[in-house]
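First comes the structure, then the notes that go with it.
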Amino acid sequence: MMPGGPASPLAQLVARFGTEVIVTDPASLEATAVDHRRLYRGKPLALALPRSTAEVSQLLALCNALGIGVVPQGGNTGYCGAATPDESGTQLVLSLRRLRAVRRVDALNDSMVVEAGCLLVEVQQAAAAAGRLFPLSLGSEGSCQIGGNLSTNAGGVNVLRYGMMRELVLGLEVVLADGRVLSSLDALRKDNTGYDLRNLFIGAEGTLGVITAAALRLFPPPRAVATAFVAVPTVAAAVQLLADLRAASGDRVSSFELVPQQALDLVLQHVPGSRAPLTDGSPWYVLCELTSARAEDPLDAILETALATALEAGLATDAALAQGERERKSFWHLRENIPEGQRRDGPSLKHDVSLPIARLAAFTERASAWVAAEVPEARLVAYGHVGDGNLHFNLNQAPGRAAGALAAREADIKRVIHDLVREHGGSFSAEHGIGRLKVEELQRYASPVELALMKAIKQAFDPRGIMNPGKVLAAR
Ligand code: 2HG
Ligand code: ZN
């Protein structure tokens with residue numbers, strides 16, 4: 001700083017909040033600089049660790065006045081680089097890990113109020129301790145934060161039954177870009193009082209404000225569960241099986257996950273403790289789970305009968321029913337470790353797409369045939385949440401190819417796949433959001449009306465453009 005000149009933005013932050021809140025040591029910054037998939041490496045100005053909503057409010061007010069870009073970062077488990085600062089060295093990473101209280105659990109109202117820095121697993125545990133279920137469940141639940149789940153409208157393996165994050169929210173506390181606080185934590189089920197402001201923040205990936213707490217919906221906990229690993233001949237058969245199972249079980253299907261042989265092979269090969277549930281191979285498998293809040297519901301019998309019917313009809317070719325919790329966990333271990341198996345196998349390209357369920361099979365056939373014919377650098381690993389029409393249409397680099405061979409084709413592969421998705425009436429981002437990775441895709445596939453409205457909303461909520469600049473929408 002020049003003697004007598006204006007203090008740097010960083011110096012002003014430190015002067016106001018102290019080094020307890022504005023952290024600059026290299027090890028702390030390094031941990032925030034790189035995204036989970038290692039697609040981006042940013043250069044944070046500092047890491048802010050506020051201790052209360054009031055402190056978040058003061059912090060944003062100062063950042064807004066000084067024009068400092070703020071990048072909220074939860075557990076840093078996202079797939080699209082939304083939580084990584086840019087390379088300019090001017091953006092402040094904001095972590096709410098110190099806002100970690102469960103403010104209250106109201107079992108009678110089936111609701112709870114939690115702070116944004118709580119891990120997802122802590123939210124689940126607090127609900128369970130009160131005899132309730134918080135149903136959001138995903139592979140990274142031990143490290144992702146509920147604030148990140150809210151900001152990305154997270155999905156996971158129970159969406160089929162309980163909906164995405166958005167559907168599990170009754171209210172939010174949000175700090176706006178200029179420091180004002182918007183709060184609706186009364187956990188009302190009915191509140192038709194004008195525009196739905198809270199839903200703008202859910203899925204906005206920190207570009208409109210910072211969610212500091214949320215009122216969440218709870219449910220009766222499952223008391224009975226039945227799980228099966230089922231070999232199915234085609235995606236069309238899987239989709240039909242889901243419809244049949246929903247009908248046969250009185251809509252008790254809570255998960256219905258599609259796993260191709262290639263994905264299973266990656267897990268068996270790379271992840272210790274994995275065991276194939278069935279002896280013969282199959283092009284596709286389904287991991288399905290029925291749950292009920294009634295302990296006496298005969299879910300195993302229902303599932304067994306439904307699967308016997310499916311085997312007779314040729315919708316399934318083999319099936320293993322989990323005999324107890326240990327086997328159930330080992331089935332889930334296979335599904336949850338597919339991303340890890342993919343990662344350990346080497347470079348990959350990921351396409352988190354969704355289709356109308358009725359068109360899932362047609363899309364998969366067309367897109368797979370294109371990959372087989374035109375992308376010798378890849379092997380296809382397409383798995384996902386069939387019940388939600390959500391496919392992770394991922395490609396791993398084929399063995400024996402030169403380093404970077406698949407990555408070199410990223411742009412053309414992405415274009416063909418996303419165009420095919422659109423042709424089939426689907427979305428290029430089902431549950432992983434836009435972040436930095438898909439900003440151009442949003443520009444390309446969103447309608448001019450949608451884009452104009454999104455820009456107007458951004459302008460209204462964050463006129464100085466300090467909130468997560470360059471994410472979702474291109475920076476101005
Ligand atoms: C999952 O369903 C996650 O396991 C990650 O959404 C998907 O790695 C992926 O593409
Ligand atoms: Zn997923």
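Strictly over 19 Å apart at the Cα level, which of Lys438/Lys458; Lys329/Lys350; Lys414/Lys458; Lys350/Lys438; Lys43/Lys455 would you flag in this model?
Lys329/Lys350; Lys414/Lys458; Lys43/Lys455
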Please list, ordered by chain and number, the residues whose modelled amide H lies under 5 Å from the amide H of Leu96; skip anything fewer than 5 residues away on the same chain. Gln73
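Region 171-226: which trypsin sites (Lys or Arg not before Pro) are DSSP loop and have at most 11 other beta-carbon atoms within 10 angstrom?
Numbers: sites: Arg180, Arg189, Lys190, Arg198, Arg217, Arg223; in loops: Arg180, Arg189, Lys190, Arg223.
Answer in residue order: Arg189, Lys190.
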Note the full-extension length gain between Asp251 and Arg103 as 0.36 nm times their separation in residues minus their Cα-Cα distance, in nm to one decimal. 49.9 nm
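Let me have the relative contact order for region 243-310, percent, based on Cα pairs under 8 Å that are six or more residues apart. Please report the intermediate quantities before stating the final value.
Values: 61 pairs, mean separation 29.0, N = 68.
Result for region 243-310 is 43 percent.
Work out, step by step, the length gained on full extension between Arg189 and Glu20: first 0.36 nm times the residue separation, then minus their alpha carbon distance; give nm to one decimal.
Values: separation 169, 0.36 × 169 = 60.84 nm, distance 3.93 nm.
Net length gain for the segment: 56.9 nm.
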Could you compute how fast region 1-43 diffuses translationally, taking Rh as the Kirkwood radius over C-alpha pairs and applying Stokes-Einstein at 37 °C with viscosity 0.692 mPa s? Give it in µm² per second. 266 µm²/s
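As an exercise, use a Förster radius of 25 Å and the Cβ-Cβ distance of Trp370 and His333 to find the FRET efficiency, rounded to the nearest 0.05. Before the final figure, lay out the partial values.
Numbers: r = 32 Å, r/R0 = 1.28.
That gives a FRET efficiency of 0.20.
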Step through the residues of region 359-376 one at a time and calculate ³J(HN,Hα) from phi using the Karplus curve (6.51 cos²θ - 1.76 cosθ + 1.60, θ = phi - 60°), rounding each to whole Hz and writing x for Gly and Pro. 10, 4, 5, 4, 4, 4, 4, 4, 5, 5, 4, 5, 4, 4, 7, 10, 10, x
Leaving out ligands and nucleic acids, and using a 1.4 Å probe, what accessible area per residue does the chain come to in Å²? 43 Å²
May I have the pair-distance distribution P(r) for region 118-163, computed from all Cα-Cα distances with 5 Å bins from 0 and rounded to whole percent? 6, 24, 31, 27, 11, 1
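Over the chain, what is the mean sequence separation of C-alpha contacts under 8 Å (at least six apart), divided by residue count, expressed as relative contact order in percent? List each step's numbers first, then the result.
Values: 991 pairs, mean separation 71.6, N = 476.
Relative contact order here is 15 percent.
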Of the accessible area of region 146-204, with the probe set at 1.4 angstrom, what percent is carbon plus sulfur? 49 percent
Would you mind telling me the share, in percent, of accessible area of region 1-45 contributed by carbon and sulfur at probe 1.4 angstrom? 60 percent
At 0.36 nm per residue, and after removing the present C-alpha to C-alpha distance, how many nm does the segment from Leu62 to Ser427 gain when stretched out fully? 127.6 nm
Using θ = phi - 60° and Karplus 6.51 cos²θ - 1.76 cosθ + 1.60, couplings along region 429-439 (whole Hz; Gly, Pro as x): 9, 7, 9, 9, x, 10, x, 9, 4, 10, 4
Karplus-derived HN-Hα couplings along region 165-176 (A = 6.51, B = -1.76, C = 1.60, θ = phi - 60°), whole Hz, x at Gly and Pro: 3, 3, 6, 9, 10, 10, x, 9, 10, 10, 9, 7
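Sorted by packing (mean other beta-carbon atoms within 10 Å per residue), highest first, where do 105-113, 130-138 land?
Working: 105-113: 17.1, 130-138: 20.1.
Averaged packing, sorted descending, gives the order 130-138, 105-113.
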Span per principal axis, largest first, for the Cα atoms of region 19-128 (Å): 49, 32, 21
Solvent-accessible area, 1.4 Å probe, carbon plus sulfur percent, for region 351-414: 55 percent
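The values are calculated or read from the model by the stated rules, or taken from the named source; none is laboratory data. Since the structure is predicted, the reported quantities are computational estimates derived from the model, not experimental observations. As a convention, Cβ positions derive from the backbone with ideal geometry for all residues, glycine included, and neighbour counts pool all protein chains shown. Ligands, DNA and RNA are excluded from the accessible area calculation, which covers all protein heavy atoms including side chains. Shrake-Rupley method; radii C 1.70, N 1.55, O 1.52, S 1.80 Å.
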